[in-house]
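Below: one structure, written as structure tokens.
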Amino acid sequence: MPIGVHLRELKRRIGRSALAIVLGSVAGWFVTDFILGLMRDPVIAMAVSSGNNSQLNYTYVTAAFDLKMQIAVVCGVVIASPVWIYQLFAFIVPALRKEERRYVLGFASASLPLFVLGCLSGWYVLPRIVGVMLGFASTKESTLIDATMYYQFVIKLVIVLGIAFIVPVVLVAMNFMGVLPAHAMRRGWRIAVLVIVVVTALVTPSADVFSMVILACPLLALYFSAVGIAWIHDRRLARRLKREGLAFDDA
């Protein structure tokens, strides 16, 4: 198709996605209080158990409204995800060959549950992180937590771990496309372990080593699973190329 037709198609896809996100945000507005309650629970639980006067606070007049709007928009993106993901693939897939479509759909199908699993892992360790960090405050002091900054911290923790869980899928995709051979992934395992440990240490800023280990173990398992899948793929490819009389170096 001419470039103008592609641009009109892209504009239509973006418009549909934006409309779905707006409608999802409207629906998300009605659950903001529930989500805020879930986020507030670890702070309240810590205050009750330790006797520390910890509470969420709003630092300016419109802070509560702004925070609810942010939560509503994030909810809108999540609620509308089936729509905008479909629009994305509907725009890209027609340009792909049959084999490429199969790879794209397969990797996308694997990425979604892993992303959700990563987000749930972040939500699971959130109470432990809050408990440890607030535990440094004396019972004679009050901890005034900026509600907006606390919400942003929660979102970063959840989203970063969600993305971290789909990185192995990206590595396997790069291997299947011939960009990243399995032997390079094997040789770089020490760097991968170091990066995973550093990332989990950064997203769990606490003295609780147990929380870091909980997050690091599945990430390490996913990475080495990706290495194994890439190795199997390269071995199969080497055998196929050998039958066809071509060379393939998987050393």
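Distance between the C-alpha centres of region 165-240 and region 9-39: 33 Å, rounded to the whole angstrom.
Taking the solvent-accessible surface of protein heavy atoms with a 1.4 Å probe, what is the per residue accessible area of the chain in Å²? Don't jump to the answer; show the numbers that get you there.
Numbers: 15240 Å² over 251 residues.
That works out to 61 Å² per residue.
Take every Cα-Cα pair in the chain and report what % of them are more than 25 Å apart. Intermediate values should be presented prior to the final figure.
On the way: 18435 of 31375 pairs.
Percentage above 25 Å: 59.
Couplings 3J(HN,Hα) of region 19-35, computed from phi: 4, 5, 5, 4, 5, x, 5, 4, 5, x, 4, 7, 10, 5, 5, 5, 5 Hz, in residue order, whole Hz [Karplus 6.51 cos²θ - 1.76 cosθ + 1.60, θ = phi - 60°; x for Gly and Pro]. Taking 8 Å as the Cα distance limit and 6 or more residues as the minimum spacing, I'd like the relative contact order of the chain as a percentage. The value is 22 percent. Straight-line reach from residue 156: taking Cα to Cα under 24 Å and skipping same-chain neighbours fewer than 8 places apart, the lysines in range are 68. Expressed as a whole percent, the accessible surface of the chain that belongs to carbon and sulfur atoms is 71, based on a 1.4 Å probe. Entry note, the chain: the mean residue ellipticity at 222 nm calculated from DSSP H runs of n ≥ 4, each adding -39500 (n - 2.57), is -27500 deg cm²/dmol after division by the residues and rounding to the nearest 500. Which distance in nm do the two modelled labels at residue 62 and residue 23 give, with both placed 7 Å along the Cα-to-Cβ direction? Each label point lies 7 Å from its Cα, and together they span 2.8 nm. Separation between the residue 159 and residue 198 pseudo-spin-labels, each 7 Å from Cα along Cα→Cβ, expressed in nm? The modelled label-to-label distance comes out at 2.2 nm. Helix 98-134 and the long axis of the chain differ in direction by around 20°, with both axes built from C-alpha atoms.
Send over the semi-axes of region 154-241's equivalent ellipsoid, whole angstrom and largest first, taken as the square roots of 5 times the C-alpha gyration tensor eigenvalues. Walk me through the numbers on the way to the answer.
Working: eigenvalues 171, 31, 16 Å².
Over the Cα atoms of region 154-241, the semi-axes work out to 29, 12, 9 Å.
The values are calculated or read from the model by the stated rules, or taken from the named source; none is laboratory data. The structure presented is a predicted model; accordingly, all values stated were derived computationally and were not measured. As a convention, Cβ positions derive from the backbone with ideal geometry for all residues, glycine included, and neighbour counts pool all protein chains shown. To get the accessible areas, we keep the full protein, side chains included, count just its heavy atoms, and leave off ligands, DNA and RNA. Shrake-Rupley method; radii C 1.70, N 1.55, O 1.52, S 1.80 Å.
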